[in-house]
1. State, to one decimal in nm, how far the label point of Glu70 lies from the label point of Asp213, with both points 7 Å from Cα in the Cβ direction.
2. Select from Ala108, Val147, Leu92 the residue farthest towards the positive end of the dipole of segment 87-158; place +1 on Cβ of Lys and Arg, -1 on Cβ of Asp and Glu, and compute about the Cα centre.
3. When all protein chains stay in place, what accessible area (Å², nearest 10, 1.4 Å probe) is found for Ile101?
4. Report the calculated FRET efficiency for Lys122 and Lys169 (r = Cβ-Cβ distance, R0 = 41 Å), to the nearest 0.05.
5. Could you pull out every residue, at least 5 positions away or on a different chain, whose amide H is within less than 5 Å of the one on Ile191? Hs are placed 1.01 Å off N in the peptide plane, and Pro or chain starts have none.
6. Which one of Thr246, Leu181, Phe227 has its Cα pushed farthest toward the positive end of the charge dipole of segment 180-287, where Lys and Arg give +1 and Asp and Glu give -1 at the Cβ?
7. By how many nm would the segment from Ala229 to Phe28 grow when fully extended, if each residue of separation counts as 0.36 nm and the alpha-carbon distance is taken off?
8. With θ set to phi - 60°, apply the Karplus curve 6.51 cos²θ - 1.76 cosθ + 1.60 along segment 49-57 and write out the HN-Hα couplings as whole Hz, x wherever there is a Gly or Pro.
Amino acid sequence: MLWLLLDGNNLAYRAFYGMPELTRKDGFPTGALHGWVRTLWMLQDQQKPTHIVAFFDLGASTRHEAIHAEYKAQRKEMPAPLLQQLDPLKRLTRALGIPVIEQRGIEADDLLASAALQLVAKGEEVLLVSADKDFGQLVQERLGQLVPPPTANPKLGWRRLDAAGVKEKFGVSPAQIPALLALTGDASDNIPGLVGVGYKTAAKWLEEFGGLDTLLRRWDWVKPERFRAAVRDSTALIKRNLELVTLRADLDPGPITPHAPDAAAACALMEEMEMKRTAEEAKKRLG
């Protein structure tokens, strides 16, 4: 069996920006809905999963904001046309037989990570579907990451990462991804790292010192020497970053077992959104 665990917000944004500005006759936006359903069906056709589960954020992350008050503070609000489509997108997902997992105050990444690791512990095969670099830390035997192409360059295609792929992309093993991000920071989440330190430098340090703890203890051995004072003076920042970027494995995501699709409800919602061709395809797929 293969479980596909979807980073709902990540893929919803991708569906929104990857489609033209489609609307119903009354002006209600539908582009993200079209893109979302196309993505679901593409994943089903190409990956042949036995189970699909979608995870979404529901408000801000209490854990992250308690550690870093400015966490994701630089991000713009979700575009209004996408926000309008989010509720019907989730309803349509449920009607297609895919559970939607969300808990207020808990970031979807933590719920997804916990579900993935718990499934792997039971012997299941899992594929995380997201462009988020944080998920690289979870990759292991029976747990991979499927990364979509940038919306600006879809010809790059979808890439499936195993442990070797993570190493090739970031220069470190999956287990070292949190340490890497603790050093470099993550601008997309408003997590500042060491100025001038990118993946290549951070990966080189982690390889030389064997891990973050040794690196912080032996800061006076760091090369180039110009970074020594920064490493010495940023211990608290780096440890805080490590806590921010390390995904949780101990949460209860709730029921994740997929249910049978409700073909009538799915097609009715598609027709309500004037997605006629999609509704016709759904009838063929769902019976």
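1. Distance between label points: 3.0 nm.
2. Toward the positive end, the furthest listed residue is Leu92.
3. Approximately 10 Å² of Ile101 is accessible to the 1.4 Å probe.
4. 0.90
5. Correct list: Asp186.
6. Result: Phe227.
7. 66.9 nm
8. These are the phi-based 3J(HN,Hα) values: x, 8, 9, 10, 9, 10, 10, 10, 6 Hz.
The values are calculated or read from the model by the stated rules, or taken from the named source; none is laboratory data. On a predicted model such as this, the values are computed, not experimentally measured, just so you know. No Cβ is skipped: glycine too gets one built from the backbone with ideal geometry, and neighbour counts run over all protein chains shown. Accessible surface areas use protein heavy atoms only, side chains included; no ligands, DNA or RNA. Shrake-Rupley method; radii C 1.70, N 1.55, O 1.52, S 1.80 Å.
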